[in-house]
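The values are calculated or read from the model by the stated rules, or taken from the named source; none is laboratory data. Keep in mind it's a predicted model, so treat the numbers as computed, not measured. Neighbour counts are summed over all protein chains in view; Cβ atoms, including those assigned to glycine, are modelled from backbone coordinates with ideal geometry.
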Amino acid sequence: MFRISPEIPDDLDEVEYLYDLAFAPGRTALSSYRLRDGVDQIGDLSLVARDQYDILAGAIRFWPVRVGQAGHSALLLGPVAIHPTRQGEGLGGLLISESLERAVNTGWSRVILIGDEPYYRRHGFRRKQAENLEFPPPTNPDRLLAKALRDGAFEGVSGLIHKWE
């Protein structure tokens, strides 16, 4: 059993440690972090999962971004991490599903991420949905995935993904 709740300021150190454990401390050099720098994460969608002993087992964060010259709003999913001792229990999928449901309920219409399509496909993310989008380098364009949370959410949406201003 896991208790899922929005990340709060008291969770910060534990969540950062988990992300360092899962992705290595150099993770902040990735291009996705330049889109997050100085921008508040989406608090209602950034979730933590704790076990029955209140130990952090997983975390997921979302950030607002803009797409193209028109500045279409979108969510940037990530990072999502599960503690190594809790991997394989379906917690990553649970965090993704719960947060996407919350995103729909709070009015967001599109989500993008950098990740492995075979894993994220089960949650509806596709490379094809992101084919008109461009992520800041250095990023492998084959790892840019997107999911429409509403029908037609990506119609007419194209261009470079840039920082929320």
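From the list Leu35, Leu95, Leu100, Leu76, the one residue that fits, being at pLDDT below 95 and either crowded, with 19+ Cβ neighbours inside 10 Å or part of a strand (DSSP E or B) (or both), is Leu35. The single condition among (1) more than 14 Å from the chain's Cα centre (by Cα); (2) under 17 Å from Thr139 (Cα atoms); (3) not aliphatic (A, V, I, L, M) that Ser32 does not satisfy is (1). Report yes if Glu98 is among the acidic types (Asp, Glu) and more than 13 Å from the chain's Cα centre (by Cα), otherwise no. Taking the combined requirement at face value, the residue does not satisfy it.
For residues that are in contact with a helix residue (DSSP H, G or I) (Cβ under 9 Å, 6 or more places away or on another chain), in contact (Cβ under 8 Å) with a residue 60 or more places away in the chain and not in a loop (DSSP other than H, G, I, E, B), scanning just region 147-165, find the one that is surrounded by the most Cβ atoms within 10 Å (Cβ to Cβ). Going through the qualifying residues, I end up with Ile161. Here Ile112 clears all of (1) in contact with a strand residue (DSSP E or B) (Cβ under 6 Å, 6 or more places away or on another chain); (2) of a type in the set (A, V, I, L, M); (3) without any contact (Cβ under 8 Å) to a residue 24 or more places away in the chain except the condition numbered (3).
Which residues, counting only those in region 8-31, are surrounded by fewer than 20 Cβ atoms within 10 Å (Cβ to Cβ) and either touching a residue at least 60 places away in the same chain (Cβ under 8 Å) or part of a loop (DSSP other than H, G, I, E, B) (or both)? Residues satisfying the conditions are Ile8, Tyr19, Leu21, Ala22, Ala24, Leu30, Ser31. Taking the numbered list (1) in a loop (DSSP other than H, G, I, E, B); (2) surrounded by fewer than 21 Cβ atoms within 10 Å (Cβ to Cβ); (3) modelled with pLDDT of 95 or more; (4) on the phi < 0 side of the Ramachandran plot in turn, Asp54 passes all entries but (4). Within region 121-146, the set of residues being closer than 13 Å to Ile96 by Cα and surrounded by fewer than 20 Cβ atoms within 10 Å (Cβ to Cβ) comprises Arg121, Arg122, His123, Gly124. Name every residue in region 64-90 that is among the hydrophobic types (A, V, I, L, M, F, W, C), closer than 17 Å to Leu18 by Cα and in contact (Cβ under 8 Å) with a residue 40 or more places away in the chain, in order of residue number. Result: Ala81, Ile82.
Within region 88-103, identify whether any single residue is in contact with a strand residue (DSSP E or B) (Cβ under 8 Å, 6 or more places away or on another chain) and over 22 Å from Ile4 (Cα atoms), and answer yes or no. No, every residue in region 88-103 fails to be in contact with a strand residue (DSSP E or B) (Cβ under 8 Å, 6 or more places away or on another chain) and over 22 Å from Ile4 (Cα atoms).
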